[in-house]
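Each remark here refers to the structure printed beneath this line.
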Amino acid sequence: MLQVDVQAAKRDQRGKGAARSLRRAGRTPAVLYGPQIDPQALSLDTHSFTKALFSVHRRNSVINLEVSDGQNKNVHHVVAREIQTDPILDNVLHADFYVISLEEPLVFQVPLRYRGKAKGVDMGGDLVTSLYKISLKGKALDIPDEVEIDISGLGPNSQMTCGELSLPAGVELVQEKDEVCVAVVGGTE
Amino acid sequence: MLSPKKVTHRKVFKGRMTGQAYRGSSIAYGQYALKAVGCGWMSARQIEAARIAINRKVKRGGKMWIRVFPDKSYTKKPAETRMGKGKGSPEGWVAVIKPGRILYELSGVDGDLAREALRLAANKLPFPTKIIELDTTL
């Protein structure tokens, strides 16, 4: 899984007035929470945070969040649970960071990428794609960015199920093994 | 033209368009999208006109999604009628659009062609819009 470094500072002021003045000053309000720590209000530099978000654009990633409170600096491994954006301007308004443990297995939604042209499509069949994402459980850094599936061997009236996917070591499938990912319907041999 | 199959009330109040569209404000299916930056009523005719404009430009290939549906009726009194005597009869259907709403999405076409098709569609609409891309939005 991708990793990205982000710097944040603790913030004392709460509420929408303080959040708006932070945004005017080029910073984004955020919150950090998780099972082991007390919730902390943070602020981030909007420009560098947006750049970091674009570097992992809509993919699963672990954010190494360096939180400074004047003297001390702590690094937390987090995932962005929610990124609020302005509906008109599409810029970041607020971020929710959830602290995770890199040693404990977690469930992630991983996109499926289909490669090649199915043999059955050349024989008159229709390609029916049922799944675009699958749920995988494993340690955050073991989870792949995407799962690639070669469908070139898929003949007429055949299908590929989740159980047939090749997954990296230490990663297990959460959903049913007999769930169909992609199928070729129709066509003749 | 798009219209509801069945409605609870044939005639409804005008309503007010305050705030922004938080739902339906991000790209869900395609690569390119047309987003409203102003508010207004988008009639079924305008939805259809913009759809035709996109399809004529794109010709074949690519896929388009219409993200709005005209589910609000509007009424009109007949010509040369005196005021009063109740509300007019239903005339057509509109979708209430708030700023931020995604109207159309496109995928499977070249970027320049998609932008040109969405520009032509935007010309049919009664409020300001902008073209956004999946790669450049969060």
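If you go through the range A:85-104, how many residues are within 12 Å of another protein chain (Cβ to nearest Cβ), among the hydrophobic types (A, V, I, L, M, F, W, C) and surrounded by fewer than 18 Cβ atoms within 10 Å (Cβ to Cβ)? So the answer is 2.
Residues are listed down the side, and each one gets a yes or a no for (1) assigned to a strand (DSSP E or B); (2) open to solvent by 50 Å² or more (accessible area, probe 1.4 Å); (3) farther than 29 Å from B:Val12 by Cα:
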residue: B:Lys57; (1), (2), (3): no, yes, yes
residue: B:Trp65; (1), (2), (3): yes, yes, no
residue: B:Arg82; (1), (2), (3): no, yes, no
residue: B:Val109; (1), (2), (3): no, no, yes
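Checked against (1) away from chain A (no Cβ under 14 Å); (2) within 26 Å of A:Asp86 (Cβ to Cβ); (3) open to solvent by 50 Å² or more (accessible area, probe 1.4 Å), B:Glu105 meets all criteria but (3).
Please tell me if A:Leu65 is within 17 Å of the chain's Cα centre (by Cα) and surrounded by 17 or more Cβ atoms within 10 Å (Cβ to Cβ). Spell out how you get there, then give the answer.
Details: within 17 Å of the chain's Cα centre (by Cα): yes; surrounded by 17 or more Cβ atoms within 10 Å (Cβ to Cβ): yes.
In short, yes.
Only residues that are aliphatic (A, V, I, L, M), open to solvent by 10 Å² or more (accessible area, probe 1.4 Å) and more than 14 Å from every other protein chain (Cβ to nearest Cβ) were counted across the range B:32-43, and they come to 0. Of all the numbered requirements in (1) within 16 Å of the chain's Cα centre (by Cα); (2) within 15 Å of B:Ala95 (Cα to Cα), B:Ile27 misses one, and that requirement is (2).
So that you can scan it fast, the table gives a plain yes or no per residue for (1) within 14 Å of chain A (Cβ to nearest Cβ); (2) of a type in the set (D, E, K, R); (3) more than 27 Å from A:Arg58 (Cβ to Cβ):
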{"residue": "B:Pro4", "(1), (2), (3)": "no, no, yes"}
{"residue": "B:Phe13", "(1), (2), (3)": "no, no, yes"}
{"residue": "B:Ile27", "(1), (2), (3)": "yes, no, no"}
{"residue": "B:Ala53", "(1), (2), (3)": "no, no, yes"}
{"residue": "B:Gly61", "(1), (2), (3)": "no, no, no"}
{"residue": "B:Met64", "(1), (2), (3)": "no, no, no"}
{"residue": "B:Lys72", "(1), (2), (3)": "no, yes, yes"}
{"residue": "B:Thr75", "(1), (2), (3)": "no, no, yes"}
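I'm trying to understand the selection: among the residues of the range B:124-138, which are more than 10 Å from every other protein chain (Cβ to nearest Cβ) and aliphatic (A, V, I, L, M)? Result: B:Leu125, B:Ile131. Among the residues of the range B:44-55, just one is under 19 Å from B:Asp112 (Cβ atoms), hydrophobic (A, V, I, L, M, F, W, C) and open to solvent by 10 Å² or more (accessible area, probe 1.4 Å), namely B:Ala53. For the range B:84-98, residues that are open to solvent by less than 60 Å² (accessible area, probe 1.4 Å) and out of contact with any strand residue (DSSP E or B) (no Cβ under 8 Å at 6 or more places or on another chain) total 2. Might you let me know whether the range A:49-65 holds any residue that is within 14 Å of another protein chain (Cβ to nearest Cβ) and touching a Gly at 6+ places or on another chain (Cβ under 8 Å)? No: zero hits. For A:Val75, the requirement of being open to solvent by less than 50 Å² (accessible area, probe 1.4 Å) and at pLDDT below 95 is not met.
The values are calculated or read from the model by the stated rules, or taken from the named source; none is laboratory data. Keep in mind the model is a prediction, meaning the values are calculated, not measured. FYI the Cβ positions are ideal-geometry reconstructions off the backbone, even for glycines, and counts take in every protein chain you see. Only protein heavy atoms, including side chains, enter the accessible area calculation; ligands, DNA and RNA are left aside. Shrake-Rupley method; radii C 1.70, N 1.55, O 1.52, S 1.80 Å.
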